[in-house]
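The values are calculated or read from the model by the stated rules, or taken from the named source; none is laboratory data. As the structure is a prediction and not an experimental result, all values here were calculated from the model. When we count neighbours, we look across all protein chains shown, and the Cβ atoms used for this are built from the backbone with ideal geometry, even at glycine. SASA here: full protein model, heavy atoms, side chains in, ligands and nucleic acids out. Shrake-Rupley method; radii C 1.70, N 1.55, O 1.52, S 1.80 Å.
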Amino acid sequence: MCCDSKRRFLLLYATQKGQAKAIAEEISQQAFAHGLEADMHCISEMDKYNLETEKDPVVIVISTTGTGEPPDTARKFVKKIQDTTLPPDHFAHLQYGLLGLGDSEYMFFCNGGKTVDRRLQELGAQHFYDTGLADDCVGLELVVDPWIDGLWLALRKAILLQKEKEGMNNVVDAVSSSLSTAPHVGHELNLSSEVQNLRLEDDGARSSDVLSQNLDDINLVTPARNTEASLVHSVPPISQSALNVPALPPEYIEVQFQDTSGQTPHLSSLILEGTTFEVPVKKAVQLTREDAIKTALLLELDISDTVFDYQPGDAFCVICPNNTSEVEELLHILGLSEKADDFVCVKVKQDTKKKGASRPQHIPERSTLKFILTWCLEIRATPKKAFLRALVECTSDAGEKRRLQELCSRQGASDYTRFIRDSNVCFLDLLHAFPSCKPSLNLLIEHLPKLQARSYSVSSSNLYQPGKLCFVFNIVEFPACPTRPVSRKGVCTGWLAELVAPLLHPSKNTLGTKGESSSTVKISICPRPNNTFHLPEDPSVPFMMVGPGTGISPFIGFLQHRQKLREQHTDWEFGETWLFFGCRHQDRDYLFKQLRCFLENGTLTHLKVCFSRDSSTAEVAPPKYVQDVIRLYAKDVARVLLKERGYFYICGDKKHMADGVSDAVVDILSMEMEADRLEAMKILAMLREEKRYLQDVWS
């Protein structure tokens with residue numbers, strides 16, 4: 001290994017969208033300030049490390065994806081350690097600390113980290129530091145920051161203990177000496193309550209990334225008269241507090257502008273995981289009426305000329321660009337509009353202080369500036385605190401500088417959560433709020449994450465409609481608010497809606513009119529198979545489906561597939577099928593009125609619908625939500641799940657629907673089994689474990 005064995009530890013990360021990698025990079029950078037060296041690798045790079053022979057402490061940062069699976073980059077690693085032939089002392093020599101990332105909005109919170117942690121323990125590995133589980137629902141930093149703060153003392157002890165075991169007293173002395181002079185939490189600095197200009201020392205002290213202040217640079221700012229806190233304004237106590245501000249992340253990217261000549265970049269220049277297909281959009285249908293609160297569209301893709309294959313219940317990803325007007329606005333604010341079509345070369349700075357720096361894989365080495373901002377960077381991403389810290393150095397106004405310091409400080413954690421995270425503030429919003437902030441292009445590439453492809457559930461069956469793939473989505477709307485000066489549409493849904501507008505029927509009052517493609521509109525997609533959210537293998541097994549709103553999407557594919565199977569295999573026995581559907585208004589957003597056709601031909605045995613916003617003159621008000629309807633059929637739910645060992649599928653919003661459905665099922669099991677709620681919850685957990693209670697939900 002290249003690291004000094006006297007102070008080395010192995011740092012592994014498993015990431016799906018880049019968060020785990022960013023946190024691992026932060027740990028690596030702080031390690032240097034603490035006199036330690038992180039030997040950092042993606043957990044998939046198993047040729048670069050060997051846990052079977054690893055003697056130094058191991059730190060693992062791992063996220064969770066899908067319905068509780070480890071990220072794609074960890075699949076081979078997890079498969080390897082889950083080998084049942086491994087002895088229980090296989091990793092008895094290993095000492096490790098693990099930080100799991102997850103979202104408590106989902107049922108299997110941090111399951112990626114928990115899976116690895118549990119298996120390492122089963123194979124004899126020992127914790128040198130308690131496992132941390134960070135929740136993206138409330139803010140990863142609430143766990144990540146204190147977990148990293150406590151890591152260094154635990155690492156010191158683990159390294160010293162390991163060297164003592166090896167009888168290397170001379171090394172122990174050397175490590176003790178080097179660590180005693182290393183900053184404890186010295187990567188942070190207490191700033192006075194007055195607004196200050198920060199700088200990094202240019203001498204050798206810079207290697208530890210300790211922020212320093214020059215008293216001659218202090219500027220006194222008259223407090224604002226506002227009495228309420230906002231994105232741009234703070235109130236006591238934070239406005240009068242000394243601040244613990246993170247160390248300035250070292251710059252590591254160099255951007256060189258070149259001439260305008262060259263071939264226009266294409267999506268093929270992006271490094272994409274898996275196989276990507278460019279397919280025509282054959283049809284576009286608006287499923288909701290114009291006066292519906294949400295606009296739902298159905299798109300039909302032509303995949304007949306590809307090898308793209310799917311099953312009902314699978315998902316797939318759409319590769320989408322950032323909004324054109326937002327890219328142009330960003331270029332204008334950065335003063336780069338005239339260079340939008342210039343080619344740029346992106347390289348790692350030769351003199352960077354960042355350990356293991358490399359060009360982000362999602363950034364082509366050579367492409368136009370507009371291509372990078374349009375297809376590569378998530379300009380809508382919520383800025384991390386490290387980005388805010390870097391923006392401090394690019395801000396000339398003293399008051400704006402101080403506020404950015406507050407927002408990235410330990411003392412400003414609640415303000416960061418309230419005004420940035422919970423308000424979905426993006427980089428463009430920050431530039432509007434802090435007009436004296438003029439960051440360089442390299443900072444954007446360093447701190448903005450990869451523009452992620454968006455995932456959608458398949459709403460068709462390849463058996464029923466060969467060569468076609470359909471999906472349904474609502475056009476996401478973000479209204480204007482104090483922290484967001486203009487309303488916006490979702491990155492992908494807004495783009496798709498604009499793209500297929502010519503395909504929609506010109507008569508806006510005709511519901512469900514199909515728009516045929518006269519000119520070819522194409523989008524790029526990639527498969528994302530779902531390993532569990534599929535129809536039962538045995539067609540005689542009954543199943544229930546719960547899908548309000550666009551949550552009905554995969555169940556259309558289920559029913560199409562079942563209808564075709566019934567036509568092809570008249571001698572087969574088919575189990576009963578239930579569908580619980582709900583929407584706001586029967587006449588505005590009842591997405592698939594052809595559900596009645598499935599009912600009439602026997603594909604669907606029971607269809608139960610509810611409309612939450614429609615008024616009723618009935619003596620007994622009808623149920624408003626699907627969870628209320630489910631309770632009316634308690635005996636049937638219990639029979640299908642317990643007696644007939646059927647399946648139960650849920651698709652849609654988690655917080656406002658899926659959790660309510662789960663509560664209803666627990667109540668039903670408790671009532672029908674005459675058991676207490678705890679016992680009913682155990683039964684539901686067993687159903688999940690047997691893959692008979694399945695969810696495809698989003699927050």
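Kindly write out, for segment 16-24 in residue order, the coupling ³J(HN,Hα) from the Karplus curve 6.51 cos²θ - 1.76 cosθ + 1.60 (θ = phi - 60°), rounded to whole Hz, with x marking Gly and Pro.
Taking θ as phi minus 60°, the curve returns 10, 10, x, 5, 4, 5, 4, 5, 4 Hz for segment 16-24.
Roughly speaking, what is the stretch gain from Ala501 to Asn424, that is 0.36 nm per residue apart minus the C-alpha to C-alpha distance, in nm to one decimal? Mind dumping the intermediate values first?
Details: separation 77, 0.36 × 77 = 27.72 nm, distance 2.72 nm.
Length gained between Ala501 and Asn424: 25.0 nm.
In nm, to one decimal, how far is the Arg119 label point from the Asp663 one, both placed 7 Å along Cα→Cβ?
3.6 nm
Highest mean first, how do 92-102, 422-432, 632-642 rank when packing is the count of other Cβ atoms within 10 Å averaged over residues?
Working: 92-102: 22.6, 422-432: 19.0, 632-642: 17.0.
The peptides rank, most packed first, as 92-102, 422-432, 632-642.
Quickly work out the Gln256-to-Asn601 label distance, labels modelled 7 Å from Cα along the C-beta direction, and quote it in nm with one decimal.
If labels sit at Asn601 and Gln256, their model points lie 6.3 nm apart.
Remind me, relative contact order of the chain in percent, using alpha carbon pairs under 8 angstrom and six or more residues apart?
Across the chain, relative contact order equals 12 percent.
Can you tell me, using C-alpha contacts under 8 Å and at least 6 residues apart, the relative contact order of segment 544-690 as a whole percent?
Working: 183 pairs, mean separation 36.4, N = 147.
25 percent.
Calculate the FRET efficiency for Glu690 and Ser358 from the Cβ-Cβ distance with a Förster distance of 30 Å, rounded to the nearest 0.05.
On the way: r = 44 Å, r/R0 = 1.45.
Once the sixth-power term is evaluated, E becomes 0.10.
Mind ranking 44-56, 245-257 by how tightly packed they are, going by the mean number of other C-beta atoms within 10 angstrom, highest first?
Descending packing order for the listed peptides: 245-257, 44-56.
If you roll a 1.4 angstrom probe over the protein chains with everything in place, what fraction of the accessible area of the chain belongs to carbon and sulfur, to the nearest %?
That fraction is 49 percent.
In the chain, what % of DSSP beta bridges are antiparallel (nearest 5)? Please report the intermediate quantities before stating the final value.
Working: 48 of 90 bridges.
Antiparallel: roughly 55 percent of the beta bridges in the chain.
Assuming 0.36 nm per residue, please report the length gained on full extension of the stretch Lys79 to Asn442 beyond their Cα-Cα distance.
Working: separation 363, 0.36 × 363 = 130.68 nm, distance 3.79 nm.
Extra length available between Lys79 and Asn442 comes to 126.9 nm.
Under a 1.4 Å probe, what is the accessible area of segment 364-412 per residue, stated in Å²?
Normalised by residue count, the accessible surface of segment 364-412 is 26 Å².
Considering only DSSP beta bridges whose two residues both sit in segment 7-164, what percent are antiparallel, to the nearest 5? Before the final figure, lay out each step's value.
On the way: 1 of 23 bridges.
Around 5 percent antiparallel, to the nearest 5.
Name the residues of segment 379-421 whose amide N is less than 14 Å from a point 7 angstrom out from the Cα of Val235 along the C-beta direction?
Counting only backbone N, you get 415.
Can you classify segment 543-697 as rounded, prolate or oblate using the Cα gyration tensor, where a ≥ b ≥ c are the square roots of its eigenvalues, rounded means a/c under 1.5, and otherwise it's prolate if a/b beats b/c and oblate if not?
Taking the square roots of the gyration eigenvalues as a ≥ b ≥ c, segment 543-697 is oblate.
Expressed in nm to one decimal, what extension gain is obtained for the pair Gln126 and Arg613 from 0.36 nm per residue of sequence separation less their Cα-Cα distance?
169.8 nm
For the ranges 433-441, 31-39, 675-683, what's the packing order if you count other beta-carbon atoms within 10 Å of each residue, average per peptide, and put the highest first?
31-39, 433-441, 675-683
Is the shape of segment 7-164 rounded, prolate or oblate, going by the alpha carbon gyration tensor and its root eigenvalues a ≥ b ≥ c, with a/c under 1.5 for rounded and a/b larger than b/c for prolate?
Since a/c reaches 1.5 but b/c is at least a/b, the shape of segment 7-164 is classed as oblate.
Going down the table (Lys282/Lys468; Lys48/Lys450; Lys17/Lys355; Lys468/Lys564), which pairs top 19 Å between alpha carbons?
Lys48/Lys450; Lys17/Lys355
Ser487 to Asp72: FRET efficiency via 1/(1 + (r/R0)^6), r the Cβ-Cβ distance, R0 35 Å, to the nearest 0.05?
That gives a FRET efficiency of 0.55.
Taking the Cβ of His332 as the center, what net charge do the other residues with Cβ under 11 Å away carry, scoring Lys and Arg +1 and Asp and Glu -1?
-4
Run the helix sum for the chain: -39,500 (n - 2.57) per DSSP H stretch of 4+ residues, divided by residue count, reported at 222 nm to the nearest 500 deg cm²/dmol.
On the way: 18 runs with 191 residues, N = 699.
Value at 222 nm, helices only, nearest 500: -8000 deg cm²/dmol.
Once you have a ≥ b ≥ c as the square roots of the Cα gyration tensor eigenvalues for segment 253-447, tell me rounded if a/c is under 1.5, and otherwise prolate or oblate according to whether a/b is larger than b/c.
oblate
Compute the distance from the alpha-carbon center of segment 402-467 to that of segment 303-363, in whole Å.
14 Å
Percent relative contact order of segment 253-447, based on C-alpha pairs within less than 8 angstrom and at least six residues apart?
The value is 25 percent.
Just to verify a number: FRET efficiency for Gln586 and Lys655, C-beta to C-beta distance, R0 = 22 Å, to 0.05?
Efficiency at R0 = 22 Å is approximately 0.35.
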